[in-house]
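Below: one structure, written as structure tokens.
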Amino acid sequence: MDVHDKKTRSFNMSRIKNKNTKPELVFRKICHGMGLRYSLNKKIFNTRPDLILRKYKTVIFVNGCFWHKHDCRYGSVIPKTNTGFWENKRLKTVERDHKNYNNILKNNWKYFVIWECEIKDEFMTRNKIKSFFNII
């Protein structure tokens, strides 16, 4: 049973952002500080990545651990109410992610996925970016 009535739950869910989230803003600040320049939230190859780096022919997805079922403690959370609905919704998100990744690769571009939990450690995030883009 949900702790909120249907109207309150609907209002709460409608306030969940899909652009300019805190993890995105932190990640963009790190990238900009490293000299990486990007476009934001533009459609490319039938998908809408969080960042597009045309110079590197790369798109970047900043994924929330819960919504995209990351294998960390945040992604393995199982909602206590309406479990079937949420599991189905999250599985569809993962399927869509894989379809988008394949579509990007078919167009001879690369994709880079950074997880919400990884952004919490700025040092690790910088190293992951350096490694992916071969930046010293």
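Rule-based calculations on the coordinates, nothing more; no lab input. The structure presented is a predicted model; accordingly, all values stated were derived computationally and were not measured. Cβ coordinates were reconstructed from backbone atoms using ideal geometry, including for glycine residues, and neighbour counts include every protein chain displayed.
Think of the chain as a dipole: +1 on every Lys or Arg Cβ, -1 on every Asp or Glu Cβ, centred on the Cα centre; then among Phe112, Leu40, Val94, Leu40 lies furthest on the positive end.
Listing Tyr74, Tyr111 from fewest to most neighbouring C-beta atoms within 10 Å gives Tyr74, Tyr111.
Under 11 Å from the Cβ of Cys72, count the other residues' Cβ atoms, weight Lys and Arg +1, Asp and Glu -1, and hand me the total.
Working: positive: Lys69, Arg73, Lys120; negative: Asp71, Glu116, Glu118.
For residues surrounding Cys72, the net value is 0.
Each label was represented as a point 7 Å from its Cα along the Cα-to-Cβ direction; for Lys29 and Ile44 these points are 2.4 nm apart. When DSSP beta bridges are restricted to pairs lying wholly in the stretch 19-133, around 50% turn out antiparallel.
Net charge near Asn46: determine it from the other residues with C-beta under 15 Å of the C-beta of Asn46, scoring Lys and Arg +1 and Asp and Glu -1.
On the way: positive: Lys42, Lys43, Arg48, Arg96, Lys99, Lys106; negative: Glu95, Asp97.
For residues surrounding Asn46, the net value is +4.
Electrostatic tally near Asn108: other residues with Cβ closer than 14 Å to its Cβ, Lys and Arg +1, Asp and Glu -1, net +4.
For the cross-link pairs Lys43/Lys110; Lys43/Lys130; Lys43/Lys80; Lys55/Lys120; Lys69/Lys99; Lys7/Lys89, which exceed 23 Å when the distance is taken from alpha carbon to alpha carbon? Show your work: numbers first, answer last.
Values: Lys43/Lys110 15 Å; Lys43/Lys130 25 Å; Lys43/Lys80 35 Å; Lys55/Lys120 27 Å; Lys69/Lys99 15 Å; Lys7/Lys89 20 Å.
Over 23 Å apart, Cα to Cα: Lys43/Lys130; Lys43/Lys80; Lys55/Lys120.
Put in line by how crowded their Cβ is, counting other Cβ atoms within 10 Å and starting with the fewest, Glu87, Glu24 read Glu87, Glu24.
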